[in-house]
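> Questions regarding the structure given below will be posed in turn.
The values are calculated or read from the model by the stated rules, or taken from the named source; none is laboratory data. The shown structure was predicted, so the numbers you read here are calculated from the model rather than taken from an experiment. In this analysis, Cβ positions are derived from the backbone assuming ideal geometry, glycine residues included, and neighbour counts consider all displayed protein chains. Keep in mind that these areas ignore ligands, DNA and RNA; they rest on the heavy atoms of the full protein, side chains included. Shrake-Rupley method; radii C 1.70, N 1.55, O 1.52, S 1.80 Å.
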Amino acid sequence: MNAINHDGPPAREQKRLTDLKSLNLLDSPREEQFEVITQLAAKSLDTPIALISLLDLHRQWFKSCVGLDVAETPRDISLCTEAIKEEEMLVVEDASTDPRFADNPMVTGEPHIRFYAGAVIRSPRGQPLGTLCVIDRKARVLTESERRQLLRLARLVESEIRQKNLVGQLLSEIEKDKSHGVSAPVPGRKDVYDQLAELMSKGEPLVIALGKVRPFELASSMQIDDATLRRELERCLKALPLDVTFGVWRNDQFIAFRQGVPPVATTALLSDLEKVFYASFESPHHGRYATVCLGVSTFPQDGHSPRGLLQLANKVMPPHTSTDKLLNVGVYSSAGKTPTQFKDDILERLREGIVHERFYLVYQPIVEVATGRLVRAEALLRWADPTLGDVPPTDFIPIAEESGLIVRIGAFVLHEVVQDLMALKEQGRSIVPISINISGKQLRDPEFTEFLRDVMASAKLEAGDLELEITESSLIEDLQRASATLNDIHKTGVTCAIDDFGVGFSSFNYLRRLPVKTLKIDREFVQSIDTSDRDRNIVAAIISLAHALGMTVTAEGVEQVAQREQLLALGCDLMQGYLTGRPDSFSKLMEYS
């Protein structure tokens, strides 16, 4: 046949084309993350040609192309036109003998297609956009292993498209907010009250802030009405971190609360509010025309009912405002301390913790998925304060990073880990490699690599005994500088891992430039791997591409046998979580079997 008929139900085809064009992919510039995927497809399936083909009305356009020096071809001679009719994939072992394609100009002439395998790429709404296809000039059979590999890479293409789409939607919403001053609805009084009551019923410790916007007389002279104040308030609230729950209480009042034990959680909440309200309620020509007053109470220390705690917060809310301060804060039973005073208190406790050695380490096993064999362990930091008790890392690490104390605390962690490893060597026992977390501040410290080199040399540790875990977000802050530092670290014999992969930038584009040995998949994907097809496909694609880059994959947060079975089926190398062991002392780690 000379042409492939793509006349289908017009409504269905129109819906598909509308979806394709809404993603703004057609005629867009080449992007390295897609180039990486096609290169890996060609390499891993050993074909001279690999394409990401998107089907427009009359053409197929290549978002990425390996081994073919064209940007597009007519759609009516495209094999991908037939492929998108399939649920998952079209495989043609020998096009020259297939009656559908034997007379096709791309079969009888350049590029002389014989073998074709195209995995369908779908939009976030499920519409077929085109294919990730591999092409060979000789007939061949696609093995089951190769089929799975191509499907996994296609899911990764979908993941990249979805990420681009989400970023585009976010930018569009931001521009819309800037242009029209409109934001999505913020939870109202009943919704936020119910959420507060639910958390309290679970016994979760909470810090609760009741806030009120207080306009100055300047606002009236500027003709700023209540609706304008409400819009500005909602804009600020929507910028709060995900671990802060918020809602509008009355037209000029709001509630914000987060889990955690005071005063650490109090400091964290007030810092969050201070950041989002920074430079709000200000005019470039007239200055600040309103300020925010806050009353803070805590559960269970100050009361046991939502109404009672909100009444206490309202009671200590400053009745008067200061034009010199953005936030005017009153904290029940805490002498009305300001955010700065609270932060200073926590920083002082952190400094005392360093001096008096109130930090300690626990270790969590990391094991082979297939055998359960102990491969390494992660060192996790804990803080036991005599007044505050055991403070969760999520509460104090951000404050330590912001103040720079994380550098001293990080040095303590490294020293303790090395001491434990040296003790093993002195006992003549085998070393268990240890992973430690380092922050962006440590990564940017010009003396860190030299310090690490000295520690390795003095302890006579071997390459691979230590692994540093770095989060995606700390890398993306300054990728060029991070890349240089990681290359220097690599020369010391210390390996590196990317922690929490999937919650940050989540692109393999930057990973190719970094000397990274291990990729740790964030627990968010792992927890639903046995119940969500989408998360399972994403994890499968991450594992496939990580392996193609020569990396080991560790799944975090594994708590159920069903999750372990899914990871085993997907070829994941290592796992970590409560299923295999809770964090415990180094001596308990040595008893692990």
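> Select from segment 567-593 the residues that are open to solvent by 40 Å² or more (accessible area, probe 1.4 Å) and closer than 29 Å to residue 42 by Cβ and list them in ascending order.
568, 569, 573
> Can you find even one residue in segment 488-499 that is closer than 23 Å to residue 380 by Cβ, part of a helix (DSSP H, G or I), open to solvent by less than 20 Å² (accessible area, probe 1.4 Å) and modelled with pLDDT of 85 or more?
yes
> Please verify whether residue 41 is within 24 Å of residue 511 (Cα to Cα), assigned to a helix (DSSP H, G or I), modelled with pLDDT under 95 and small (Gly, Ala, Ser), treating the condition exactly as stated.
Judged against the criteria, residue 41 is a match.
> Condition first: closer than 26 Å to residue 96 by Cβ, of a type in the set (Asp, Glu) and open to solvent by less than 20 Å² (accessible area, probe 1.4 Å). Now tell me which residues in segment 113-165 satisfy that.
136
> Hey, among 375, 367, which residue is over 26 Å from residue 316 (Cβ atoms), modelled with pLDDT of 90 or more, among the β-branched types (Val, Ile, Thr) and open to solvent by less than 10 Å² (accessible area, probe 1.4 Å)?
So the residue among 375, 367 that is over 26 Å from residue 316 (Cβ atoms), modelled with pLDDT of 90 or more, among the β-branched types (Val, Ile, Thr) and open to solvent by less than 10 Å² (accessible area, probe 1.4 Å) is 367.
> Could you pull out every one of the strands (runs of 3 or more DSSP E) wholly within segment 189-273 that has 3 or more residues that are open to solvent by less than 20 Å² (accessible area, probe 1.4 Å) and at negative phi?
Those strands (runs of 3 or more DSSP E) span 206-215, 253-259.
> Might you let me know whether segment 69-80 holds any residue that is under 18 Å from residue 147 (Cα atoms) and not in a loop (DSSP other than H, G, I, E, B)?
Within segment 69-80, one or more residues are under 18 Å from residue 147 (Cα atoms) and not in a loop (DSSP other than H, G, I, E, B).
> Just give me the residues in segment 506-524 being in a loop (DSSP other than H, G, I, E, B), open to solvent by less than 10 Å² (accessible area, probe 1.4 Å) and at pLDDT 70 or above, in sequence order.
none
> Looking at segment 27-36, is at least one residue under 28 Å from residue 146 (Cα atoms), in a loop (DSSP other than H, G, I, E, B), within 37 Å of the chain's Cα centre (by Cα) and not basic (Lys, Arg)?
Yes, segment 27-36 contains at least one residue that is under 28 Å from residue 146 (Cα atoms), in a loop (DSSP other than H, G, I, E, B), within 37 Å of the chain's Cα centre (by Cα) and not basic (Lys, Arg).
> Separate question: Within segment 434-456, take every residue that is outside any helix (DSSP H, G or I) and over 18 Å from residue 397 (Cα atoms) and give me the one that is least open to solvent (accessible area, probe 1.4 Å).
434
> Among the candidates 119, 139, 154, single out the residue that is part of a strand (DSSP E or B), over 30 Å from residue 312 (Cα atoms) and modelled with pLDDT of 90 or more.
It is 119.
> Among 90, 68, 54, 132, which is modelled with pLDDT under 95 and either more than 26 Å from residue 548 (Cβ to Cβ) or under 36 Å from the mean Cα position of the chain (by Cα) (or both)?
Going through 90, 68, 54, 132 in turn, just one is modelled with pLDDT under 95 and either more than 26 Å from residue 548 (Cβ to Cβ) or under 36 Å from the mean Cα position of the chain (by Cα) (or both): 68.
> Of all the residues that make up segment 459-481, how many are in contact (Cβ under 8 Å) with a residue 40 or more places away in the chain and assigned to a helix (DSSP H, G or I)?
Of the residues in segment 459-481, 1 are in contact (Cβ under 8 Å) with a residue 40 or more places away in the chain and assigned to a helix (DSSP H, G or I).
> Can you tell which of 114, 125, 137, 100 is over 18 Å from residue 34 (Cα atoms) and under 27 Å from the mean Cα position of the chain (by Cα)?
125
> Let me ask something else. Would you mention how many residues in segment 547-566 are open to solvent by 10 Å² or more (accessible area, probe 1.4 Å) and of a type in the set (Gly, Ala, Ser)?
Selection size over segment 547-566: 3.
> Then there is this: Taking the stated definitions as given, is residue 452 in contact with a Ser or Thr (Cβ under 6 Å, 6 or more places away or on another chain), modelled with pLDDT of 85 or more and over 29 Å from residue 344 (Cβ atoms)?
So residue 452 passes the test.
> Residues in segment 384-391: is at least one open to solvent by 60 Å² or more (accessible area, probe 1.4 Å), among the acidic types (Asp, Glu) and in contact (Cβ under 8 Å) with a residue 24 or more places away in the chain?
no
> Right, next: Have a look at 463, 482 and point out the one that is of a type outside the set (Asp, Glu) and either at pLDDT 85 or above or open to solvent by less than 50 Å² (accessible area, probe 1.4 Å) (or both).
Answer to the check: 482.
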